[in-house]
Amino acid sequence: MCKGKNGATLIEVVSTVAILFVVLAPLSLIFNTWYDDYYEENYRVMLQKRSMETMQQIMQDLRMFADGNTAVVDSGTKLFIKGDLIYSYSPYQKKLFKNSTSVFLDSETIEVTAFNVEETSVPDNDSSLINITITLKTKRNIEITLQNSYRRKLG
């Protein structure tokens, strides 16, 4: 700054802006990375929670209502529990339904990419094993696969 004049010269302003840019650019990259990581982990936790709640609901329905009338049909995309509870998967809509109602009401953020139900009989036993697999995915391409099994008495 020159003596007797108020204000800053062009060189002083340019050098100040350059120093600020050198300091703030790395800080903004660090903050942006932290922000992305935080929201990705938040989506992952939300997806895990929703998938576990859904699997627990299916297992609870099987425990309460499963009997000889439980059936797996349509190549493992439908599960009939005692005739009046039906879990079905639509690969075109990427949704899981319980009695024609979407299990995930926030289906804009969660899509079901796979739902598979298989029933296998246990050798030398009067029971069968129902294996259920659910794969969920968010718009951020975070994918969770959850598996569970239920042993059902046949006789």
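Okay, here's what the table says:
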{"item": "Condition broken by Arg151, with the remaining ones in (1) surrounded by 11 or more Cβ atoms within 10 Å (Cβ to Cβ); (2) modelled with pLDDT of 85 or more; (3) more than 17 Å from Ser51 (Cβ to Cβ); (4) over 20 Å from the mean Cα position of the chain (by Cα) satisfied", "result": "(2)"}
{"item": "Residue in the stretch 48-75 that is surrounded by the most Cβ atoms within 10 Å (Cβ to Cβ), counting only those that are modelled with pLDDT under 80 and within 14 Å of Leu129 (Cα to Cα)", "result": "Thr70"}
{"item": "Condition met for Arg44 (modelled with pLDDT under 90, within 15 Å of Thr133 (Cα to Cα), within 12 Å of the chain's Cα centre (by Cα) and outside any loop (DSSP other than H, G, I, E, B))", "result": "no"}
{"item": "Any chance Met55 is more than 17 Å from Ile142 (Cα to Cα), in contact (Cβ under 8 Å) with a residue 24 or more places away in the chain and not aromatic (Phe, Trp, Tyr)", "result": "yes"}
{"item": "Residues of the stretch 134-145 satisfying the condition of being over 8 Å from the mean Cα position of the chain (by Cα) and crowded, with 16+ Cβ neighbours inside 10 Å", "result": "Ile134"}
{"item": "Pairs where the first residue, in the stretch 117-128, is of a type outside the set (Gly, Ala, Ser) and the second is modelled with pLDDT under 75, C-beta under 7 Å, 6+ apart", "result": "Val117/Val72; Glu118/Val72; Glu119/Val72; Asp126/Leu154; Asp126/Gly155"}
{"item": "Total residues in the stretch 114-127, condition over 15 Å from Met59 (Cα atoms) and under 29 Å from the mean Cα position of the chain (by Cα)", "result": "2"}
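The values are calculated or read from the model by the stated rules, or taken from the named source; none is laboratory data. The structure displayed is predicted, hence computed values, not measured ones. Please note: Cβ atoms are built from the backbone with ideal geometry, for glycine as well, and neighbour counts cover all protein chains shown.
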